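All of the numbers you see were taken from the coordinates with simple rules; none came from a lab. Keep in mind the model is a prediction, meaning the values are calculated, not measured. No Cβ is skipped: glycine too gets one built from the backbone with ideal geometry, and neighbour counts run over all protein chains shown.
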Amino acid sequence: MNGKEAAGKKALEEIQEGMTIGLGTGSTVYFFLKALAEKVAAGFKITGVATSQQTIELAKKWNIPMRALNEVTTIDVTIDGADEVDPDLTGIKGGGGALLYEKMVAKVSTRRVWIVDSSKKVEQLGAFPLPVEVIPFGWKHVEAALSEKGYLPKLRRDSEGHPYVTDAHHYILDLHLHSIADPVLLAIELDHLTGVVEHGLFIGITEKVLVGYPDGHVETMVKH
Ligand SMILES: O=C[C@H](O)[C@H](O)[C@H](O)COP(=O)(O)O
């Protein structure tokens, strides 16, 4: 068992029969989905709402019943991963490019629980490049505006060197900030930049983080 698997399995304790569950994205969520699929196969009834094409494909493969976000009115709990989490439970997400749909699903969820391995716990955010999702039209001007602010943006590319395209058909500029002194201020600034669709700063969005360690134990961080 590794930390991701430990956290993913622990998240099953957040789920009750009959719930509508937001299904996050990534290699930690993979373990949660796998464990959830085993329960579903044994007759446990839930409905999932995916945050990415990658998660839709896994859910289909494992016969997890799914609905689109527009087909549900509320989501009881969303289980998602994160790239970095600080002591306030502010996080960076979007390493896998799913930040926009993840934030949309999180915002309509009653509870949000993140699952991470212990390497994701940080005192200050920013060592992980901050993903900023942008409209492809004129993206170089958004890049220039971010460069001017000293945010060191870099267009994300796929393995063939083409611009990486999100599920919503946008590009991603990763900001190499190294440290983020004030996530709230930065989020406000990015929210107001024309051409930016969304960014990976998730502030006040989760109430609980399950942190898995290599020895298999799981620490629970909660909002104070
Ligand atoms: O876009 C991807 C998501 O925000 C993921 O939840 C995040 O990148 C963490 O992924 P992983 O569990 O694979 O490290």
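Key figures for this structure:
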{"read-out": "Strands (runs of 3 or more DSSP E) wholly inside segment 130-222 that include at least 3 residues being crowded, with 19+ Cβ neighbours inside 10 Å", "value": "130-134, 171-175, 196-199, 208-212"}
{"read-out": "Of residues in segment 6-29 being crowded, with 17+ Cβ neighbours inside 10 Å and within 11 Å of the ligand (Cβ to nearest atom), the one farthest from Leu58 (Cα to Cα)", "value": "Ala7"}
{"read-out": "Qualifying position, being touching a Lys or Arg at 6+ places or on another chain (Cβ under 7 Å) and within 16 Å of Tyr171 (Cα to Cα), among Leu130, Leu89, Leu99", "value": "Leu99"}
{"read-out": "Given (1) over 14 Å from the mean Cα position of the chain (by Cα); (2) more than 19 Å from Pro183 (Cα to Cα); (3) within 13 Å of the ligand (Cβ to nearest atom), index of the condition Val116 fails", "value": "(1)"}
{"read-out": "Considering residues of segment 18-46 that are in contact with a helix residue (DSSP H, G or I) (Cβ under 9 Å, 6 or more places away or on another chain) and not in a helix (DSSP H, G or I) only, the residue nearest to Gly216 (Cα to Cα)", "value": "Gly26"}
{"read-out": "Count - residues of segment 96-113 that are in a helix (DSSP H, G or I), within 12 Å of the ligand (Cβ to nearest atom) and over 20 Å from Ser179 (Cα atoms)", "value": "6"}
{"read-out": "Among (1) assigned to a strand (DSSP E or B); (2) more than 14 Å from the ligand (Cβ to nearest atom); (3) among the acidic types (Asp, Glu) - the single one Glu123 does not satisfy", "value": "(1)"}
{"read-out": "Test: residue in segment 74-83 that is without any contact (Cβ under 8 Å) to a residue 40 or more places away in the chain, in contact with a Phe, Trp or Tyr (Cβ under 9 Å, 6 or more places away or on another chain) and either farther than 24 Å from His199 by Cβ or within 15 Å of the ligand (Cβ to nearest atom) (or both)", "value": "no"}
